[in-house]
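What follows is a short report on a single structure.
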Amino acid sequence: MGYVRAADVTVEFPVYGAGSRSLKKSFVRAATGGVLAKDAGDRVVVRALDRVSLEIREGERIGIVGHNGSGKTTLLRVLAGAYEPVSGELEVRGRVASMLSITLGMEQEATGLENVYLRGAILGLRRQEMDALVAEIEAFAQLGDYFNMALRTYSSGMAMRLAFAISTSIAADIILMDEWLSVGDQEFSARAQQRLRQMLDSAKILVLASHDPKLLAENCTRIIRLDHGRLVDG
């Protein structure tokens, strides 16, 4: 199943060494980002999410909009489990596939095959689960002999093909995306888009942050808007 509930979720990042000059610079940066505040220890913090509450049920496709620094990526990372809220409650039911950084955990000195297992571990899968996916990943990435060579020997396009093949091989209930994924040359991109579409169609929930109104209109059933870390619409 897929279900997400956030109740007054707040995320803060401390601003270390916030003297008068650096604090002034922080205020300038905060004009297009989170809200400056002080935590319980009287430290200056950037409040990236400010008491965000929302509920996402199975079948929903949620689009997140807002200016750069509004908190879109922070919210996605909270839902992915990468950031821990400093307050509030978060409930996420179902397997989550985070498409925010599909190369996370991949090692340059490891082979393509070894990186399949490294990336799988990052995604929370057991080795036995990855064993069943290796052949499919190898076939889709079409790396030939490079699959058993170190990642440092790959071109950037080859590395992205491998990362995409791994990330989209795993069935998930909840998919998180920061803009739409587009990888590879024209031939691979066509196959990639078909594979991504199949993955999204089978997911219970999609949460997609984007600046593209057309993309959101085509793929989302509901739009939420963030402004300086606060949920202002949706």
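Please treat every number below as a calculation from the coordinates, not as lab data. Fair warning: this is a prediction, and the values are worked out from it, not measured in the lab. Cβ atoms come from the backbone with ideal geometry, glycine included; neighbour counts cover every protein chain shown.
With 0.36 nm allotted per residue and the present C-alpha distance subtracted, the Phe13-Arg93 stretch has 26.2 nm of extension available.
For Arg95, the residues whose amide H sits under 5 Å from its own are Asp173, Ile174, ignoring neighbours fewer than 5 places away on the same chain, with H placed 1.01 Å from N. Spatially, the range 131-174 and the range 184-223 are offset by 19 Å when compared through their Cα centroids.
Each Lys and Arg adds +1 at its Cβ and each Asp and Glu adds -1 at its Cβ; summed about the Cα centre, the chain shows a dipole of about 740 debye. Assuming R0 = 25 Å, can you tell me the calculated FRET efficiency for the pair Gln194 and Gln128, based on Cβ-Cβ distance, to the nearest 0.05? Efficiency for this residue pair is about 0.35. Each of Glu84, Glu58 was scored by other Cβ atoms within 10 Å of its Cβ. Listed from fewest to most, they are Glu84, Glu58. Highest mean packing first, where packing is the average number of other Cβ atoms within 10 Å per residue, the peptides 69-82, 135-148, 163-176 line up as 163-176, 69-82, 135-148. Note on Ser156 and Thr111: their simple-model spin labels are 2.7 nm apart, each label 7 Å out from Cα toward Cβ.
Working note: Cα gyration tensor of the chain, eigenvalues times five, square-rooted, sorted largest first, giving semi-axes of 34, 21, 17 Å. Here each label is just a point 7 Å from Cα along the line to Cβ, and for Val86 and Ala139 those points are 5.0 nm apart.
First measure r as the distance between the Cβ atoms of Asp185 and Leu104, then evaluate 1/(1 + (r/R0)^6) with R0 = 22 Å and state the FRET efficiency to the nearest 0.05. E(calc), rounded to 0.05, equals 0.40.
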